[in-house]
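Chemist: My structure is below; once you've seen it, I'll send some questions.
The values are calculated or read from the model by the stated rules, or taken from the named source; none is laboratory data. Please read all numbers here as calculations on a predicted model, not as lab measurements. All Cβ positions, glycine included, derive from the backbone under ideal geometry; neighbour counts span all protein chains shown.
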Amino acid sequence: MTGPIVVAGVAVQAIAWRLVALGRARFWPVVGAIWAILGTVSIATGEVRCCLDGSVFGAASVGVASGLVLYVATRLVVAVATRWPPLARAVGSTYGRSDEISAAALWLVTLAIVVPGEELFWRGVATPWLGDAAGSLAGAILAWIASIGVTLAWANAAFLAAAVVGGALWTALAVWSGGVVAPIASHLVWTAFMLAWPPAGGRAKVAP
């Protein structure tokens, strides 16, 4: 049953993200609904694990630390990369979407629905399923590539960069820890800091 869920989830994302990119659907209602559904379905499969050895604190600690490192690296890289006009526009348009909803709703939807939903689906279900089919390393790489492929539907350089770099880190954490606690912690920390103190080209601050 997991296979059809992964295939359907990938297809739904690709279609939904493209519709939003083309202006035929609103960003936050679609993103919130998709990740709420896929996150719930992922949990319902019974395949999602927290971590292999049961050390939730250890996995979470590594996740938090890696999220902080990724945030610092992101700020440094974006400060240089946004000198390239297309990326500067992509970063600006990404943060510009925060004007569509209130600050409180933005934080709630992003941290309580979008981030957990994304990790539950990609690292909690898709990565292990592909790992069982192709081997742990090959499956992880395939899942990472698939997540990048889906992100291309956004036609947004900032989203693509996050999928490539962040996706690689969160996939590695999932493989290392054997579950979703580490990648969720990392993704949550990185996202929270990106919202509170956006890099160059983003809003000055998205207050909670």
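Chemist: Being surrounded by 14 or more Cβ atoms within 10 Å (Cβ to Cβ) and either closer than 13 Å to residue 121 by Cα or in contact with a Lys or Arg (Cβ under 8 Å, 6 or more places away or on another chain) (or both) is the filter here; which residues of segment 1-23 pass it?
Modeler: Answer for segment 1-23, where residues must be surrounded by 14 or more Cβ atoms within 10 Å (Cβ to Cβ) and either closer than 13 Å to residue 121 by Cα or in contact with a Lys or Arg (Cβ under 8 Å, 6 or more places away or on another chain) (or both): 2, 5, 6, 9, 10, 12, 13, 20.
Chemist: I've got another one for you. Of all residues in segment 113-143, how many are out of contact with any helix residue (DSSP H, G or I) (no Cβ under 8 Å at 6 or more places or on another chain) and under 17 Å from residue 41 (Cβ atoms)?
Modeler: Counting residues in segment 113-143 that are out of contact with any helix residue (DSSP H, G or I) (no Cβ under 8 Å at 6 or more places or on another chain) and under 17 Å from residue 41 (Cβ atoms) gives 0.
Chemist: Which pairs do you get when a residue that is of a type in the set (D, E, K, R), found in segment 42-62, comes within reach of a residue that is in a loop (DSSP other than H, G, I, E, B), reach meaning Cβ atoms under 8 angstrom, with the pair 6+ apart or on two chains?
Modeler: Within 8 Å, the pairs are 49/178; 49/179; 49/180; 53/178.
Chemist: Separate question: So if I check each of 11, 36, which one is small (Gly, Ala, Ser), under 16 Å from residue 129 (Cβ atoms) and modelled with pLDDT of 95 or more?
Modeler: The match here is 11.
Chemist: Need pairs with beta-carbon distance below 8 Å; first residue at negative phi and within segment 6-33, second of a type in the set (D, E, K, R) and surrounded by fewer than 17 Cβ atoms within 10 Å (Cβ to Cβ); sequence gap 6+ or separate chains.
Modeler: Qualifying pairs under 8 Å: 20/26; 26/100; 27/97; 27/100; 28/97; 28/100.
Chemist: For residue 48, indicate whether it is within 19 Å of the chain's Cα centre (by Cα), outside any helix (DSSP H, G or I) and at pLDDT 70 or above.
Modeler: Yes.
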